[in-house]
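A.B. asks: Have a look at the structure that comes next, please.
The values are calculated or read from the model by the stated rules, or taken from the named source; none is laboratory data. The model shown is predicted, which means the values in this text are computed figures rather than measured ones. With ideal geometry, Cβ positions are generated from the backbone for all residues, glycine too; neighbour counts draw on all protein chains shown. Surface accessibility is based on the protein's heavy atoms, side chains included, excluding ligands, DNA and RNA. Shrake-Rupley method; radii C 1.70, N 1.55, O 1.52, S 1.80 Å.
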Amino acid sequence: MYLFQFAMKNLRRHRRRTLITAAAIAIGIASFILIDSMLLGAEAESERNLIRYETASIRIHSSSWWQQRHALPLSDLLEEPEALLATLRKAGYRATARTSVAAQLLTTAQTFGIDGSLPLVITAIDASDSSVYQIIEGLDADQLPGEYELILGAWFAEDIKARVGSRLTLALRTDHQGEIEVPVTVSGLIDCPNPNVNRTLALMDRAFINSILDLGTGASSIDIALSSHRNLAKEQKRIAELLASYPEELTILSWEELAPDYLAISASKQGGSALILFLVFIIAAVGISNTMLMAIYERTNEIGVLKALGISEAELYRSFLYEAAGIGALGSIVGLLTGALANLYLVEVGINLSFMLRDLDIGYRIQESMYGAWELRTFLAAALGGIILSIVAALLPVRRVTKLSIVDALRTGG
């Protein structure tokens, strides 16, 4: 206890130096908390928007279709989607069928300023889509796309200068790689929290698409919404058992398997947080080492006197480490308080990035504002990391000076 009190008195003797070093640690810790909070919040919101607007929780495909998925084949659709839907709904699942069709939006000089075509993917849906996705949640039944009608993502419509009532021509690819030109009218625009959907969405009625392409009742996928995603693997297994008697070979995928790009972003987030924490530690190490070196060399004579009075090297060693820990603790406390106050604003208000996210795809499914999130582990890691590294950074300079003999210490300090 005496050594601890002695160390604290030494910190108060050099207040300016102590505060400057602690401030550097505090800034690093607060920065780490805020950046980690932003990334964690973006990850959580992206996951919600990905599932609600893009992938659903679980998706079922014909295995042969999945193997050729990049070509969007129409020859390997699920042949009896209604039977699958009936089985799933009976088991309590919210499910819907979708058909994905490759198409070209034909452009003319009169309408678009250039003659040509723009590739897009038509997603054909029916009224049950709202039980799984939130894309058409706000639309009434009479607002759903009907025959020769098309709903577009708001950003996509803005890019092609289309609005409700605009007349467009689509070239839909058939089962035999041919094309059917279909005149359509834009019946609605969707502006949702998922920027990928706003950039690419093109919805049409599934019954109409299946009719003009002669697809019968086939569907590209059965999409399922879950209330919880804690046991995805268990739910996949249960669904596989429910559909085991289905004649086709099925591929049952979770949203994680359907969104590898998002998972890559999430993994890089973890690496980025670790790098930020490492940089915080470097700042702490440099500051603590410099402070301890100055304190030690200024007090070399004092160290010699203390040794002459009988204090041991181990006790000297501990007293200096207490000083380093005190600086680290002070910096950690200030950093935690500063980070918590700033994070409160980030969680409640967020940072508006709409000026950037409209034209820049950063991988996250965020449309306008990036919000923070509270994570206790981040605060604990930052606080303990600041204190522990402060001690570690002081080990070498403290060890060097405590090894000095009484004569050398008095001569050097004299």
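Let's see how each residue does on (1) closer than 26 Å to Asp223 by Cβ; (2) modelled with pLDDT of 90 or more; (3) hydroxyl-bearing (Ser, Thr, Tyr):
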site: Ala109; (1), (2), (3): no, no, no
site: Gly116; (1), (2), (3): no, no, no
site: Thr123; (1), (2), (3): yes, yes, yes
site: Val132; (1), (2), (3): yes, yes, no
site: Glu147; (1), (2), (3): yes, yes, no
site: Leu150; (1), (2), (3): yes, yes, no
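A.B. asks: Moving on. State all residues of region 172-187 that are at pLDDT 90 or above and surrounded by fewer than 17 Cβ atoms within 10 Å (Cβ to Cβ); if no residue qualifies, say none.
C.D. replies: Correct list: Ile180, Glu181, Pro183, Thr185.
A.B. asks: If we scan region 198-209, do we find a residue that is under 30 Å from Phe156 (Cα atoms) and basic (Lys, Arg)?
C.D. replies: yes
A.B. asks: Condition first: open to solvent by 50 Å² or more (accessible area, probe 1.4 Å), among the basic types (Lys, Arg) and either on the phi > 0 side of the Ramachandran plot or modelled with pLDDT of 90 or more (or both). Can you find one or more residues in region 206-220 that meet it?
C.D. replies: No; the residues of region 206-220 include none that is open to solvent by 50 Å² or more (accessible area, probe 1.4 Å), among the basic types (Lys, Arg) and either on the phi > 0 side of the Ramachandran plot or modelled with pLDDT of 90 or more (or both).
A.B. asks: Looking only at region 120-144, which residues are open to solvent by 10 Å² or more (accessible area, probe 1.4 Å) and not hydrophobic (A, V, I, L, M, F, W, C)?
C.D. replies: Thr123, Asp126, Ser128, Ser130, Ser131, Gln134, Glu137, Gly138, Asp140, Asp142, Gln143
A.B. asks: Whether any residue in region 275-293 is modelled with pLDDT of 75 or more, touching a Leu at 6+ places or on another chain (Cβ under 7 Å) and not hydroxyl-bearing (Ser, Thr, Tyr) is what I want to check.
C.D. replies: no
A.B. asks: For Ala23, work out the one condition from (1) crowded, with 17+ Cβ neighbours inside 10 Å; (2) under 33 Å from the mean Cα position of the chain (by Cα) it doesn't fulfil.
C.D. replies: (1)
A.B. asks: Pairs under 9 Å by beta carbon, first residue at pLDDT below 90 and among the acidic types (Asp, Glu) in region 234-254, partner open to solvent by 40 Å² or more (accessible area, probe 1.4 Å) and assigned to a helix (DSSP H, G or I), six or more apart or different chains?
C.D. replies: Within 9 Å, the pairs are Glu248/Ser64.
A.B. asks: May I ask you to list pairs of residues, at least six apart or on different chains, whose Cβ atoms are under 8 Å apart, with the first in region 295-318 being in contact (Cβ under 8 Å) with a residue 40 or more places away in the chain and of a type in the set (Asp, Glu) and the second being open to solvent by less than 60 Å² (accessible area, probe 1.4 Å) and assigned to a helix (DSSP H, G or I)?
C.D. replies: Going by the 8 Å Cβ cut-off, the qualifying pairs are Glu302/Gly413; Glu313/Lys307; Glu313/Thr402; Glu315/Leu3.
A.B. asks: Just need a number here: residues in region 80-99 that are of a type in the set (S, T, N, Q), open to solvent by 30 Å² or more (accessible area, probe 1.4 Å) and under 12 Å from Ser128 (Cα atoms).
C.D. replies: Qualifying residue count, region 80-99: 0.
A.B. asks: Which of the residues belonging to region 49-73 are in contact (Cβ under 8 Å) with a residue 40 or more places away in the chain and part of a helix (DSSP H, G or I)?
C.D. replies: Answer for region 49-73, where residues must be in contact (Cβ under 8 Å) with a residue 40 or more places away in the chain and part of a helix (DSSP H, G or I): Asn49, Leu50, Ile51, Arg52, Tyr53, Glu54, Thr55, Ser63, Ser64, Trp65, Trp66.
A.B. asks: Now a separate question. Within region 30-43, can one find any residue that is acidic (Asp, Glu), in contact (Cβ under 8 Å) with a residue 24 or more places away in the chain and either out of contact with any Pro (no Cβ under 6 Å at 6 or more places or on another chain) or outside any strand (DSSP E or B) (or both)?
C.D. replies: Yes, the conditions are met somewhere in region 30-43.
A.B. asks: In addition: Just give me the residues in region 233-262 being open to solvent by 70 Å² or more (accessible area, probe 1.4 Å) and either part of a helix (DSSP H, G or I) or not charged (D, E, K, R) (or both), in sequence order.
C.D. replies: Ala233, Lys234, Lys237, Arg238, Glu241, Ala244, Ser245, Pro247, Glu256, Glu257, Pro260, Asp261
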